[in-house]
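Novice: One structure is given below, represented as structure tokens, and several questions about it will come after.
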Amino acid sequence: MNDASTLSSRQLWLYSAALFVLLAWSAVGAHETGTWLMEVAPVLIAVPLLLATRHGFPLTTLLYALIFLHACVLILGGHYTYARVPLGFWMQDWFGFERNHYDRIGHLMQGFVPAIAAREILLRKTPLRPGGWLFTIVTAVCLAVSALYELIEWGAAVALGAGADDFLGTQGDPFDTQKDMFCAWIGAMAAQLLLGRWHDRQLATLPGRGVA
């Protein structure tokens, strides 16, 4: 991973171009076009937003890289649908799982990556500093994001009926929503514990925008 505090415009455009190539691959032969569109919608929103803010509010290299990885998880899930991703079947065989758990990876990332994003925004735009309150608020933000996503899934289920089954990816588990949110919670805490100091170092060297 790049050790610089943020990416150059050229590097960010390369990241974006790579994602659009992956999106094109994902769209071709996608299992179900409507499900694909719902799964990759966050990528279609985030990439233009990151490009538009690259000068006024450039992010740390760490956060850009994490967003890229999260986008790859979403794109892969959109192509196959989460219940059919081959990696999940390999995990099922290796560990003896009863179902394809690729969606759990997606929900771990749903806590892991937003945790660093929320942490960065809060440290740069509010008086908060690293410590217990920051950790608590970032974790709460990630749980709120996870809950909002589950509400969106519920809305899709109501609107589309059986057509939303691939998007929901519950695979018959009545506690799938709670398990998804638990994964996001674990991801949010893990990101802060594992990457917090590295993130602080990158923020401190971000020109004119470091943590005071």
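Values quoted throughout were computed directly from the atomic coordinates according to the rules given, and no laboratory measurement underlies them. Only a predicted model underlies this, so the values are computations on that prediction, with no experimental measurement involved. Here Cβ is always computed from backbone atoms with ideal geometry, including for glycine, and neighbour counts include all displayed protein chains.
Novice: How long is the chain along each principal axis, judged by its Cα atoms, biggest number first, in Å?
Specialist: Largest to smallest, the principal-axis extents are 51, 37, 36 Å.
Novice: Whole-Hz ³J(HN,Hα) for each residue in the stretch 23-39, computed from phi via Karplus 6.51 cos²θ - 1.76 cosθ + 1.60 with θ = phi - 60°, x for glycine and proline: what do you get?
Specialist: Result, ordered by residue: 4, 4, 4, 5, 6, 6, x, 4, 4, 8, 4, x, 5, 4, 5, 5, 6 Hz.
Novice: Hey, what's the per residue convex hull volume over the C-alpha atoms of the stretch 5-56, in cubic angstrom?
Specialist: Numbers: hull volume 3.8 nm³, N = 52.
Given the Cα convex hull of the stretch 5-56, per-residue volume reads 74 Å³.
Novice: Loop-only check: which GluC sites (Glu not before Pro) in the stretch 86-155 are DSSP coil with at most 14 other Cβ within 10 angstrom? Write down the numbers at each step before the final one.
Specialist: On the way: sites: 98, 120, 150, 153; in loops: 98.
Passing both the DSSP loop test and the Cβ count: 98.
Novice: What ranking, highest mean first, results for peptides 34-41, 22-29 when packing means the other Cβ atoms within 10 Å averaged over each residue? All intermediate terms of the calculation are to be shown ahead of the outcome.
Specialist: Values: 34-41: 19.5, 22-29: 14.6.
Per-residue mean Cβ counts within 10 Å order the peptides as 34-41, 22-29.
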